[in-house]
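Have a look at the structure below, then the notes.
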Amino acid sequence: MSKSLVTGGAGFIGAEVTKLLAGRGHHVTVFDLHPNEERLEGAKVELAQGDLGDASAVDQIVRQAKPDVIYHFGGMLSVPSEADHVASFRANALGTFNVLEAARKFGLPRVIFSSTMATFGMDIEGRVIDDSTLQRPNLFYGATKVFSEHMGLWFKRKHGLDFRGLRYPGIVGPGVTTPGVAQYNSWMIDAAIKGKPFTVWVRPDTRHAILYYRDAANAVLQLVDAPIRDLKRSVYVVAGTQPSPSAGELLDEVKRQIPEAVIRFEVDEEKQGVMDDLERPIDDGNALREWGWHPAFGLAEMVSDMRRWHETGKQRDGEQRSRSSSRGSSSDV
């Protein structure tokens, strides 16, 4: 039986990865600072509470779990990282070092890392973001993730670790609570489903790269299954529907499925400026060519799956997914 250790395995994407691994019959151990059993309902896993910044705690869980693969999803997101850079360094940079060092010490072959489009920052050269775009993060969160990526690359070069990572765009899904300037995507859908009015703080033509949380988790398994001989790099950008949907296009889909939704636009110029600086088309063609990446959820599937989630009161697999040729955090900027 395969053994997997998922740091942050009770978090938003981490919990979905955990359930997918358990569904494959893996023996899964979750290491999380705040284990949330409700997110893992129905999954047979072992839960362990601990701090990634504590090297002895990381060593202990790796020694006990003896995983074949560590899925490293633990850490702090952008908004709390900006509020407490010391805690962010401990969780993200030091935490990643502790995971990589434990893998080295105990002879583990593979670490899968969750990175973010926030590694590219706002001073972006060119009109398209791809795997070769220069990373100049302006957020402390992005800086810790760039450092973590390069630590992983060093452990790969120096110690032969099979280090693989994904740079996620904005993640959309039900029940998101982390604040962020692009969070209107998830909150617009959630509010409409709950019958609550919602005000979008950007223009209707504002576009933002998003990825549904189930696609984000499925990408992990697609990447880990890829033969190493097919991979020409270690860390990949991934995206959902391309071109990135606008706020107005998302509203149109919400209104199509929930005609009574009350959504209005009231532009916050500061947030709008951040979004205008951030947005670029994303070219994730390397992931497509090298390991078959292809998202399953477009706007219609996102909204309908979130409606099912709210109707059942728990996360369920979406029965209907689109595998059309149209293309559909972690960044939570």
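Laboratory data are not the source of any read-out in this text; all were calculated from the coordinates shown. Every value quoted in this text rests on a predicted model; they were computed, and no experiment measured them. Quick reminder, even Gly has a Cβ in these numbers, built from the backbone with ideal geometry, and neighbours come from all protein chains shown.
Points worth noting:
- Rg and Dmax of the chain, both derived from C-alpha coordinates alone, stand at 18.9, 58 Å.
- Among beta bridges identified by DSSP and lying wholly in the range 107-249, the antiparallel ones come to about 5 percent.
- Relative to its residue count, the range 11-157 spans a Cα convex hull of 121 Å³ per residue.
- Longest to shortest principal axis, alpha-carbon extents of the range 176-236, angstrom: 50, 23, 18
- In this structure the amide hydrogen of Leu47, modeled in the peptide plane, comes within under 5 Å of the amide hydrogens of Val30, none closer than 5 places in sequence on its chain.
- Cα-based Rg and Dmax for the range 1-74, where Dmax is the largest Cα-Cα distance (Å): 10.8, 31
- The range 86-164 versus the range 19-53: alpha-carbon centroid distance in Å: 23
- Loop-located trypsin sites (Lys or Arg not before Pro) across the range 223-311 with a Cβ neighbour count of 16 or fewer within 10 Å are Lys232, Arg233, with loop assigned by DSSP.
- R0 of 35 Å, Cβ-Cβ distance Arg264-Lys156: FRET efficiency to nearest 0.05: 0.10
- Linear extension gain, Asp230 paired with Arg127, 0.36 nm per residue minus alpha-carbon span: 34.3 nm
- Percent of Cα-Cα distances greater than 17 Å, calculated over the range 216-316: 66
- Over every Cα atom in the range 186-274, the radius of gyration and the widest Cα-Cα span, Dmax, amount to 17.0, 52 Å.
- Modelled label reach - Val79, point 7 Å along Cα→Cβ, the range 235-276 residues with backbone N closer than 18 Å: 266-276
- Flagged links, alpha-carbon separation over 23 Å, of Lys105/Lys156; Lys3/Lys156; Lys66/Lys232; Lys19/Lys196: Lys66/Lys232; Lys19/Lys196
- Sorting 120-131, 68-79, 6-17 by average packing, meaning the other beta carbons within 10 Å per residue, from highest down gives 6-17, 68-79, 120-131.
- The label-point distance for His310 and Phe106, in a model that sets each label 7 Å from Cα toward Cβ, rounds to 4.1 nm.
- Protection-proxy order for peptides 21-30, 296-305, each taking the mean of Cβ atoms within 10 Å per residue, highest first: 296-305, 21-30
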